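In what follows, a single structure is set out as structure tokens and then discussed.
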Amino acid sequence: MTQPQALSMQGVQKAFGNVQAVVAGNLEVRAGQAMALMGANGAGKSTLMNILGGVIGPDAGTILIEGRLVTFSGPRDAAHAGISFVQQELTTFATMSVADNIFIDDFPLRLGRLDRPQMRAEALELMARLGADLDPDRKLEELSTGERQMVEIARAMRRRPRVLIFDEPTSSLSSREKHRLHEVIRQLKQQGVAIVYVTHFVGEIFEICDRVTIMRNGATVADQLIGETSYAEVVRTMLGEVAAAGRLVKEQPIRGPVVLEIADLVLEGRVDHASLELHEGEILGLWGLLGAGRTELARAILGLDGAVEGRIRLRQDGELKPVTADALFAVTAFVTEDRRGEGLLLPFSVAENVLVPNLDALSGRMGRIHGQSLRSLTERLVAQLKIKVSGIHQRVATLSGGNQQKIVFGKWLASKPRILILDEPTRGLDLTAKADILRLAVDLAAAGASILFISSELEELMRVCHRYVIIGERRTTGELPGSATETDLIEALAEPDVRQRGAAA
Amino acid sequence: MESRQIVSSSARPSLRPFQGRLNLQLVVLTLSFSILLAYLAIESPIFFRATNLINVLNQSAMLTILAVGMAMVMIGGGIDLSLPANMALAGILGSMAMIQTGSVALGCLAMLAAGLAVGTLNGIAVAYFRMIPFVVTLAMMTVCGGFAVWLTNSISIFDQPERFFDIFLARPLGVPIAISVALVAGLGIQVLMGTSRFGREAYAIGTNAKASRISRVPVARTLLGTYLLAGCMAGLAAIVVTARLGSASANVGSDNVVLDVVTACVIGGVSIYGGVGRPLGAMLGAVFVIVLGNVLNLLGISFNLGLVLKGAVIIAFIALDRAFGEER
């Protein structure tokens, strides 16, 4: 312990308005070590990394680099202090060369002109350090995603950083590229770089990291050696105590007929292999961590990202029949995770948002809209869902999140959907609004609708689901009954990974 | 309390359709228009004589019809730069058909059909092949313009049947047919966009295409519809302009007309970003553009300096839109 930590963040705090994003952020990484930083959505990882990158200033706390106290007044300071990021979204320029991309933020000049020989030489040297062999003159558009990432890493390495942060580096990589990246990280570790590895994929950290720091609700809650923990323990620590709040539905399985059957669904690059059955009146939880391909599956079922392979059958006239994406969407309500971007037309009024998906029912011959029917329908929905609005002409952009989400539900309810796909329906809502939305889902199922329920919050799923389908790495991997315990659910996530590693060994 | 508020709001006479709320562009346009008219009242009282006013409106008819078509496309989030060239080509094809067959009705139908066909091609390219509207319609503008010149060797076609002019230059009750046609077309499109299913869908798509798709709006079909109807407007404008000029030629669709059409829409409060504006605003914008042209004439400002001014006005209004537009 003679050598100081390469990076030490202590007691970091940060509030946005009256929302405390980070309350006690601690992170310590030694040179040559890879530290996984994990946490569920909203745990405070991103805020902590933004503070480390000098993007925002902390309210309290200290940052030490190699034992020296530093303060950043901007990203430039952080870069000078030896902090470098490899961003999640690739920020490369497709039509420019590898060398151009590496030096994009600081071109070496000679007599006011680009010093090409210098760029080439330095690029080659960086590539050698990464063990990648890429011609500095190649255009980025000729490279694979994994190779582009190498360029991105080379750019970050150029300033010889002491701490290199990877933000979700593998979310768009193939598994071969993933292994290649891990190889590079091992090399960087040997060269003494301290690595912070931010990811949602629990399995990965066991392959590449030495320690894991876990954040929950803005605080660092664990810092452990990777060998002293397990997949299940990491997930459990991330999710925290799952409050044993009362179930809203009985745990007995629903015995109603199968309404929707998905078999061997495949969509290149989005869904690897998915199968599930949805019964009438059932709330089926789609359980998996972020990045497991939950939203991708929901969108694929409705044909929103193009034609899929596999079988989709819908109960029509008493039997399961193959169905087109459009015909399925016609009886399905889709509450997306992106309420403001996809769920609502923000500048439109409440009534107009209700109108748009129901134009079939609310417009007559020559496309004339039945203003009276729309008015009464909207008023009925507003009353039924207890939506707080000043009137049906209020613009939805001005409403609170909970009321906005109720309008998203409302606009679908009018068409009496047989199937609902709810993707993170309570995201960003307060406790009361959350409870209202869950209650609503349960009531709809009781009235005969079939619901596919997606949520990152285990507690929420456990309150409303009759059954669970497990999804990981873009594949459905099994199912659990409604009586499954928290432990069952968490261990179910670890299984595919265990299986895979078993196969590899 | 909630329910009372709801009741009070439902007491309003009709459901106000979404067309964009605060429309600063329209306010600024009205103000500028008033200033322009006040200036004319002092400098050139002759302007306000009934005959001259009718003349100005008659002059505006073609631009008004094109602007209404463009407004529809822009509300859906697109743009159709090929409208004037489409109009020129339709006028030529229709005139040829008219002269060939001697049938005025057939000639007019040919103009509408030609406009519609070009609009449909644009629409299919944009809606179904997801091509960029700007590029597709720019290319289509070249195609139509080139075709029009090739067909005519840049020579105007004069010898349309007399009956054609008798019909379209008639002035029942002293009002030229062209004005009535423009008015009916404009009001028709306004009603379509303001009150029909098609209109709602177009506004929704222009506001947020992703959300519209999720809300089961038939995005491609509706977009196709906007381009197709805009093409029809080009055909209609072809009839009006051929009658007024007494000839059909490739020149009527010059690039300056494109500028005028875009100006009319943008200053009439139709957002270049889609989802906002009214066809009626575009009509008003079109008349403003024509009156502005007259005033510039009166002031002895050269045509080219006038172009500089128009271009600057477009930029100013787009800046207004950006600064005060809505989140979508």
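The values are calculated or read from the model by the stated rules, or taken from the named source; none is laboratory data. Bear in mind that the values here come from a model prediction, so they are computed numbers and not experimental data. Note: ideal-geometry Cβ built from the backbone for every residue, glycine included; neighbour counts use all protein chains shown.
Scanning region A:367-385 for residues that are without any contact (Cβ under 8 Å) to a residue 24 or more places away in the chain, at the interface with chain B (Cβ under 7 Å from one of its Cβ atoms) and closer than 27 Å to residue B:188 by Cα yields a total of 5.
The number of residues in region B:284-320 being more than 17 Å from the chain's Cα centre (by Cα), farther than 16 Å from residue B:36 by Cβ and part of a helix (DSSP H, G or I) comes to 10.
Any residue at all in region A:132-147 that's assigned to a helix (DSSP H, G or I) and crowded, with 21+ Cβ neighbours inside 10 Å? No, there is no match, as no residue in region A:132-147 is assigned to a helix (DSSP H, G or I) and crowded, with 21+ Cβ neighbours inside 10 Å. Pairs meeting the criteria (first residue in region A:78-107 and assigned to a strand (DSSP E or B), second residue of a type in the set (S, T, N, Q), beta carbons under 9 Å, at least 6 apart or on different chains) are A:86/A:149. When B:94, B:69 are checked against the criterion of being at pLDDT 95 or above, under 29 Å from residue B:173 (Cα atoms), touching a Leu at 6+ places or on another chain (Cβ under 7 Å) and among the small types (Gly, Ala, Ser), a single residue qualifies: B:69. Cβ separations smaller than 8 Å between residues 6+ apart or across chains give the following pairs from region B:190-208 residues that are under 17 Å from residue A:396 (Cα atoms) and in contact (Cβ under 8 Å) with a residue 40 or more places away in the chain to residues that are outside any helix (DSSP H, G or I) and among the basic types (Lys, Arg): B:207/B:328; B:208/B:328. Scan region A:417-430 and give yes if some residue there is under 27 Å from residue A:325 (Cβ atoms), among the aliphatic types (A, V, I, L, M) and either in contact with a Ser or Thr (Cβ under 6 Å, 6 or more places away or on another chain) or facing another protein chain (nearest Cβ under 9 Å) (or both), otherwise no. Checking region A:417-430: at least one residue is under 27 Å from residue A:325 (Cβ atoms), among the aliphatic types (A, V, I, L, M) and either in contact with a Ser or Thr (Cβ under 6 Å, 6 or more places away or on another chain) or facing another protein chain (nearest Cβ under 9 Å) (or both). I'd like to check something: does region A:187-197 contain any residue that is hydroxyl-bearing (Ser, Thr, Tyr), buried (at least 21 other Cβ atoms within 10 Å of the Cβ) and in contact (Cβ under 8 Å) with a residue 40 or more places away in the chain? Yes. Every listed requirement among (1) within 25 Å of residue A:437 (Cα to Cα); (2) crowded, with 20+ Cβ neighbours inside 10 Å; (3) facing chain B (nearest Cβ under 9 Å) is met by residue A:388 save one, (2). Scanning region A:343-361 for residues that are buried (at least 21 other Cβ atoms within 10 Å of the Cβ), facing another protein chain (nearest Cβ under 9 Å) and not polar (S, T, N, Q) gives A:343, A:344, A:345, A:346, A:347, A:348, A:351, A:352, A:355, A:356, A:357, A:359. Taken across region B:233-240, residues that are in contact (Cβ under 8 Å) with a residue 40 or more places away in the chain, β-branched (Val, Ile, Thr) and away from every other protein chain (no Cβ under 14 Å) do occur, with at least one present.
Quick one: how many residues across region A:22-37 are closer than 15 Å to residue A:222 by Cα and touching a Cys at 6+ places or on another chain (Cβ under 6 Å)? Number of matching residues: 1.
When residue A:40 is tested against the conditions (1) within 16 Å of residue A:221 (Cα to Cα); (2) modelled with pLDDT of 90 or more; (3) hydrophobic (A, V, I, L, M, F, W, C), the lone failure is (2). Give region A:327-341 a look and list any residue that's at the interface with chain B (Cβ under 7 Å from one of its Cβ atoms), crowded, with 21+ Cβ neighbours inside 10 Å and either over 26 Å from residue A:448 (Cα atoms) or not aromatic (Phe, Trp, Tyr) (or both), or say none. A:336 - this is the single residue of region A:327-341 that is at the interface with chain B (Cβ under 7 Å from one of its Cβ atoms), crowded, with 21+ Cβ neighbours inside 10 Å and either over 26 Å from residue A:448 (Cα atoms) or not aromatic (Phe, Trp, Tyr) (or both). Checked against (1) crowded, with 22+ Cβ neighbours inside 10 Å; (2) at pLDDT below 95; (3) of a type in the set (A, V, I, L, M, F, W, C), residue B:286 passes all but a single condition, namely (2).
Within region B:212-226, the only residue that satisfies the criterion of being closer than 19 Å to residue B:272 by Cα and at the interface with another protein chain (Cβ under 9 Å from one of its Cβ atoms) is B:212.
Residue-by-condition table, conditions (1) outside any helix (DSSP H, G or I); (2) surrounded by 14 or more Cβ atoms within 10 Å (Cβ to Cβ); (3) in contact with a Phe, Trp or Tyr (Cβ under 9 Å, 6 or more places away or on another chain):
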{"position": "B:122", "(1), (2), (3)": "no, yes, yes"}
{"position": "B:130", "(1), (2), (3)": "yes, no, no"}
{"position": "B:138", "(1), (2), (3)": "no, yes, no"}
{"position": "B:166", "(1), (2), (3)": "no, no, no"}
{"position": "B:170", "(1), (2), (3)": "yes, no, no"}
{"position": "B:179", "(1), (2), (3)": "no, yes, no"}
{"position": "B:187", "(1), (2), (3)": "no, yes, no"}
{"position": "B:192", "(1), (2), (3)": "no, yes, yes"}
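Checking each residue in region A:93-108 for being charged (D, E, K, R) and under 12 Å from residue A:151 (Cα atoms) picks out only A:100.
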